[in-house]
1. Calculate the spin-label point distance for Phe76 paired with Arg308, positioning each point 7 Å from the Cα along the beta-carbon direction, and give it in nanometres.
2. Take the cross-link list Lys405/Lys539; Lys99/Lys245; Lys18/Lys385; Lys87/Lys501; Lys192/Lys405; Lys117/Lys172 and give me the ones stretching past 21 Å between alpha-carbons.
3. Count the net charge of all other residues whose Cβ sits under 11 Å from the Cβ of Leu222, scoring Lys and Arg as +1 and Asp and Glu as -1.
4. Output wanted: per-residue J couplings in Hz (rounded whole) for the range 343-351, from phi through Karplus 6.51 cos²θ - 1.76 cosθ + 1.60, θ = phi - 60°, x for Gly and Pro.
5. Taking Cα atoms of the range 56-214, Rg/Rh with Kirkwood Rh, to two decimals?
6. Tell me, what HN-Hα J-couplings in whole Hz come from the Karplus equation 6.51 cos²θ - 1.76 cosθ + 1.60 at θ = phi - 60° for each residue of the range 312-325, using x for Gly and Pro?
7. I want to check the label-to-label distance for Glu118 and Val568. Put each point 7 Å from Cα in the C-beta direction and report it in nm to one decimal.
8. Using the Karplus curve 6.51 cos²θ - 1.76 cosθ + 1.60 with θ = phi - 60°, work out ³J(HN,Hα) for each residue of the range 85-97 in order, rounded to whole Hz, and write x for Gly and Pro.
Amino acid sequence: MGYNKIPRQKLSISKKNKLWREQCVEAFIDLSNNGRSSGSSRRDDMQILYDYYNGVIDEADYRYVLQPYGKSRKNFPSQMRNYPIIKPIIDLLLGEKSKRPLNFTVTVQNSDSISVKEEAKKELIYKNLQQQFVNEMNARGMNTGLETEEVDLPGHIAEQFEVSYVDNRAIKGQNAINYIMQQQEVYDKLQKAWFHFLVTGEAYTHRGVRNSEPFFEILNPLDVDYDLDPDLEFVEDGDWASVKKFVHASSVIDAYYEYLDEEQILSLEEPSHSESDSYYLYASSHHRDPNSYRNRLIEVVQVYWKSRKRIGFLTFNNPETGGIEEQVVEDGFRMPVELKEKGAKVKWNWVNEVWEGLRLDGRMYIKIHPCVNQRNSLDNSSTCKLPINGRKYSDINSSNISLVKLGIPYQLNYNIYKYRLELAISKSKDMIAQFDINMIPKKWDMDKFMYYVEGSGIAWVDYNKEGIQLNPQHQTVMDLSIKTIEQYIALLESIMQEWEKLSGVNRQRQGSIGNYEGKATSQQAIVQSSHITEDIFRKFNRLEQRDLQALLDYSKEAWLTGKKAMYVMPDGTTDFLDLDSLNHMESEYGVFVSDSGKDQEKLQQIKQLSQSMVQNGVPASTIAEMFDAENFSQIKLKIKSAEKAMEELQQQQQEAQQQQQQAALEQQAKEAQDLNMNKEKDREVQIKVAMIHARDNDSNAKLNLDKGMRELDLKEQELNLKERDLDEKGRSNKSGEAIKRRDSENKVKIAKSKSKPSNK
């Protein structure tokens, strides 16, 4: 049909009839590049990017080299080949992304989240105070019936609470995401989206509910188009999006059987492709043979767009409670008489609503209705998002770019100079001899002659041949070596360096480190390189965050009756998901993905810290728990717990050491006491022995005592005489020194007076 104008969306549901719905689908397909002639150019441009990554050469890009002046070079001794310099860069970034952690945290953003947190804090402090009371009563000997437990200081409890507190609803949400990521293989699918993002600068995803489970799939950028609002960053926030695929007829019929009648099924079994439709464009862009799939593939275009619907806010007086209550009613609601008589009122408002629709084989419209699963905010019913999401790397005020697109000029030049190098090598013949053609021996052709020239370096000639005269010019030497080979090699090296600098993936980052480079130099080069590519990682991280948020939102619609399941965590452990449908539905979740680059740096620091922690006695199991933590908040908690454990261990060690020291001191005191007691006993024995000897030798003792006293007096007198003699000698020496000093001073004065000039 081809409608350029989008039908009015602010209509009552009664006016959104079959014609309106089909017009909407056709209008958005017409807006899409997939439905315009320009769509082929977009597909072709994107396909070129995939071709360059895969090393597929388009000879049209090298026509000016291979066909200069419009003349084809045939039978040249060189061939245009692809020497990939783009693919290794992309592959390295793919590998780096696979090793980067996807750390995310689920929070609860309900209006009561703050009050719930404060209540949890009060309860924890109250329990701590209760335990303190029990401990005190038990210490006084009262039988409380409760065991004494260790309690912490109130300030430390509050600090620990702020770090470790997680709303129970957030824990449930975190478990829900973990389960979905395992069931939908989200990690692997995101890696595929990352590949598209690097090659084309675009990545697109599809999220929703299928078979009562959230689903997640990656879309081919060649198949997606959306609202080209210059201020639009993410597709899900736009007004519309479309996805076009060509699917086997049997698969289409199986997928949409309940929406098709018998006539439509028979029609789909014979697709109505024409040579002018987009099927051939699609087939060529996907490297498929159009003729081989012509009668087996059907064009399927799925469209999502934001429409408007009318909802009412009914206010009435509830007789049971006696209060005024408000209730949301759908479009078409008619006020019951009994409510109207009691003063009930309805206030109507317009809100956004996501619709979907499909066009099959370019002529058949099915499933055009509001999406069953709407992503609305609990606080704002008008906020809704498309099931299709995605983003471009950089298309602000210009065409989008990608790493592959940036690398194409370098790849072209590299291939051309490789071609020139091969041509130069083939033309390089080193030093050859020049001979007159008449010197070829009889019965020899030119091929045989050149065989011996190139194979052995010898030119056999027949000087007896008629007409041959010996002439030095017959044997001149020509230098056919190409001096530009080294220049080509230098140019190739320069192209490679420029491309690596532009992409941000230098040789140090690729693991190629020169012998002249030190560890610090190479590490600095790697860090500088990562700064260039960090922006593309960051933008993709934000896309991941949006998709995880969507999956958690859609899980509310999928698990209306609750969810219980066993699943495997990334670390290999198993966990159990147990969700209450009501609490899950009423929880306003927020998913936050941390910066993977900064996470890498933090993990490296934690690894370095873990070594010292192990050396200081922290159990290896605690270190393992730190690495298995789902986010860095949990890691911080693990570190704090480890630090507390280390402090307690150090305190225990100090107490044990003090006890050992006290025991040693007590042992030393006891030994000293025993020694003193033994000495005292020895003295008592000695005294008794002395008393016995004194009684037996009393007379002799007195004589000896008198004699000793006299000898002592004589010695004392001799010492006094010697002291007086020494004093006299000292005074005499001092007097002599004084006299000598005065004589010296006088001699100096006399010498100075003699040295003064005369005034006469």
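Each reported figure results from applying straightforward, stated rules to the coordinates on display, with no laboratory input. Computed from a prediction, not measured in an experiment: that's the story for all the values here. Please note: Cβ atoms are built from the backbone with ideal geometry, for glycine as well, and neighbour counts cover all protein chains shown.
1. My value for the distance between the label points is 6.3 nm.
2. On the way: Lys405/Lys539 18 Å; Lys99/Lys245 32 Å; Lys18/Lys385 24 Å; Lys87/Lys501 15 Å; Lys192/Lys405 19 Å; Lys117/Lys172 16 Å.
Exceeds cut-off: Lys99/Lys245; Lys18/Lys385.
3. Here the charged neighbours net out to -1.
4. x, 5, 9, 10, 10, 8, 8, 9, 10
5. Numbers: Rg = 31.9 Å, Rh = 23.2 Å.
Here the Rg-to-Rh quotient is 1.37.
6. Going residue by residue, I get x, 10, 8, 10, 8, 9, 7, x, 6, 9, x, x, 8, 10 Hz, with x marking Gly and Pro.
7. Result for the modelled spin labels: 4.6 nm.
8. So the J values, rounded to whole Hz, are 10, 7, 4, x, 5, 5, 5, 5, 5, 4, x, 5, 5.
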